[in-house]
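Here the structure comes first, spelled out in structure tokens, and everything after it is commentary.
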Amino acid sequence: MKEILEELERRRGIARLGGGEARIAAQHKRGKLTARERIDLFLDEGSFEEFDMFVEHRSTDFGMDKSRIAGDGVVTGWGTVNGRTVFVFAKDFTVFGGSLSEAHAEKIMKVQDMALKNRAPIVGIYDAGGARIQEGVAALGGYAEVFQRNVLASGVIPQISVIMGPCAGGDVYSPAMTDFIFMVRDTSYMFVTGPDVVKTVTNETVTAEELGGAVVHTVRSSIADGAFENDVETLLQVRRLIDFLPLSNTAPLPEIECYQSVTDIDASLDTLVPASSNKPYDIKELIRKVSDEGDFFEIQASFAKNIVCGFGRVEGSTVGFVANQPMVLAGVLDSDASRKAARFVRFCDCFNIPIVTFVDVPGFLPGTAQEYGGLIKHGAKLLFAYAEATVPKLTVITRKAFGGAYDVMASKHLRGDLNYAWPTAQIAVMGAKGAVEIIFRKDTADPEKIAAHTKMYEDRFLSPFVAAERGYVDEVIMPHSTRRRLARGLKMLRNKDLANPWKKHDNIPL
Ligand code: HXC
């Protein structure tokens, strides 16, 4: 019996070594952890239960029958993050460069199926060279099986991808269909085709970092939702994100103890909006001040900074914040900001996370660049996302809510549940200057008349009261009471019951 037990330990020991000590040392030398080290760090200590440790590929071509390594380049299983179940797979770069074979794909499919059946999030950790070149079509089939499962799980369980090394070819599309992608600065990159193919096809010379590094994907392409300094920080941040999320679309929101009273008055908010309407202020200050303990997990912080999206908690329960940022482009809505926020709103709606929207928006960004780039379609994405969302929607207009952007930003007309305005709110078709230039064009040569018209327009329209008189704003609230108002509103809306008409699915303007 003893020998049998020892044999198991011996085989486990070999499997745990993956591609061997030399390749593990090479991995460490590059500042990267191994697949197992990453999983151990990511999950609660000692909680990892591994599946399929002894799975090997079945390929015989190109001498592969003489080269089999237990695990076949991916470590899979489940464990817990702060006590809650999470399924996980991590590509093992030390085994055939983490490349995907038929057997490797089957391991991933097994955890995808388990995660969906048991309704718990799945996290994929990538560090791999794409399809196993020696396997050809079997690897392609494996990828497609994984993709299909990503799509079926979308909107049912949270799916998160963490890129911690190369992620190329077939490996990029599974992350692209998950809810969030995080990258490690300087050691990770993602692209469909690498620098060599790019050189051959387009004659461009680029490095892997220039083509698909963390900066490219967090600042320019918006493929990634965040990037962090190293493996350890990245995995700890993903744990932090998971703490905000429900386990599935039918699970309750996580409740975390709240140490900050919701009835305290924050007098500093009464002076947050500057006296001059053209002066910027930081909307993140408001988000932090209404969130429990100021804890805010921002999504896509480096992309389309004119809109801020992320998760916080009010009285221990998760909310999604969407807020125009007056510090960047005066908080205007452009194509990038619309796409970014639309995707975030849809995530929140999938997973029953109430949405709190802070509005200070001068309108949609004018110009040929925006119009040629499809502003109408991209703006419509955000409009569509808010309009279809059935989760509790709470809106606070802090300052400008002009034109179509007023409608889009979770207005009453898009089934906003509680629409508040600060006394500093200005709700109008456009700002006073633009309005007067159009309706009093004949007076443009007379500065005195223009000043008088502007004053009249400001007095009549640039306040929250015209909208409040019509019930478009439920209440004009004191800025200092915003957290209390939101907390009470969120509590009142906990049993909100609203469903859209039956349909196979909608046709959001993609
Ligand atoms: C088999 C692979 C492999 C692959 C790497 N290896 N990629 N084995 N299939 N795709 C192996 C290497 O042979 C090597 O084995 C080990 O992994 C480490 O690779 P290195 O090249 O030494 O590492 P590095 O210099 O860090 O370069 C990493 C890399 C490079 C950039 C990922 O390996 C690379 O370019 N690989 C090929 C990428 C690629 O073209 N993949 C196919 C994409 S097509 P040893 O034994 O020496 O340690 C694709 C289509 C699918 O994915 C589409 C589905 C929709």
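The values are calculated or read from the model by the stated rules, or taken from the named source; none is laboratory data. As the structure is a computational prediction, the values presented were derived from the model and not from experiment. So basically every Cβ, Gly included, is an ideal-geometry build from the backbone, and we count neighbours across all protein chains shown.
Here is how the numbers come out for the structure above:
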item: Residue satisfying all of: in region 44-63; over 25 Å from Glu233 (Cα atoms) and of a type in the set (Ser, Thr, Tyr); nearest to the ligand (Cβ to nearest atom) among these; result: Ser59
item: In region 1-43, residue nearest to the ligand (Cβ to nearest atom) [restricted to those that are among the β-branched types (Val, Ile, Thr) and assigned to a helix (DSSP H, G or I)]; result: Ile24
item: Test: residue in region 176-189 that is within 14 Å of the ligand (Cβ to nearest atom) and aliphatic (A, V, I, L, M); result: yes
item: Phe87 vs. criteria part of a loop (DSSP other than H, G, I, E, B) and aromatic (Phe, Trp, Tyr); result: no
item: Residues of region 415-444 satisfying the condition of being surrounded by fewer than 19 Cβ atoms within 10 Å (Cβ to Cβ) and within 25 Å of the chain's Cα centre (by Cα); result: Arg415
item: Residues being buried (at least 17 other Cβ atoms within 10 Å of the Cβ) and more than 14 Å from the chain's Cα centre (by Cα) - total across region 229-238; result: 3
item: Every residue from region 101-132 that is out of contact with any helix residue (DSSP H, G or I) (no Cβ under 6 Å at 6 or more places or on another chain), of a type outside the set (A, V, I, L, M), in a helix (DSSP H, G or I) and surrounded by fewer than 21 Cβ atoms within 10 Å (Cβ to Cβ); result: Glu106, Lys110, Asp113, Lys117, Asn118
item: Pairs, first without any contact (Cβ under 8 Å) to a residue 40 or more places away in the chain in region 166-183, second within 9 Å of the ligand (Cβ to nearest atom) and assigned to a helix (DSSP H, G or I), C-beta under 6 Å, six or more apart; result: Tyr173/Phe147
item: Strands (runs of 3 or more DSSP E) fully within region 372-450 counting 2 or more residues that are in contact with a strand residue (DSSP E or B) (Cβ under 9 Å, 6 or more places away or on another chain) and charged (D, E, K, R); result: 393-402
item: Filter result (in contact (Cβ under 8 Å) with a residue 60 or more places away in the chain and more than 13 Å from the ligand (Cβ to nearest atom)) within region 81-107; result: Val81, Asn82, Arg84, Thr85, Val86
item: Matching residues, region 44-73, being more than 23 Å from Gly136 (Cα to Cα) and in a loop (DSSP other than H, G, I, E, B); result: Asp44, Glu45, Gly46, Ser47, Phe48, Met53
item: Subset of region 64-80 [near the ligand (Cβ under 10 Å from one of its atoms) and polar (S, T, N, Q)]; result: Ser67
item: Condition met for Ile223 (at pLDDT 95 or above, farther than 23 Å from Thr34 by Cα and in contact with a helix residue (DSSP H, G or I) (Cβ under 8 Å, 6 or more places away or on another chain)); result: yes
item: Region 62-96 - residue that is among the polar types (S, T, N, Q) and farther than 24 Å from Ile157 by Cβ and, of those, surrounded by the fewest Cβ atoms within 10 Å (Cβ to Cβ); result: Ser67
item: Candidate set: region 108-141, residues that are polar (S, T, N, Q) and closer than 24 Å to Asp243 by Cα; chosen: the one farthest from the ligand (Cβ to nearest atom); result: Asn118
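Condition check ((1) within 12 Å of the ligand (Cβ to nearest atom); (2) surrounded by fewer than 23 Cβ atoms within 10 Å (Cβ to Cβ)) across all residues:
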position	(1), (2)
Tyr143	yes, yes
Ser154	no, yes
Met164	no, no
Gly169	yes, yes
Val172	yes, yes
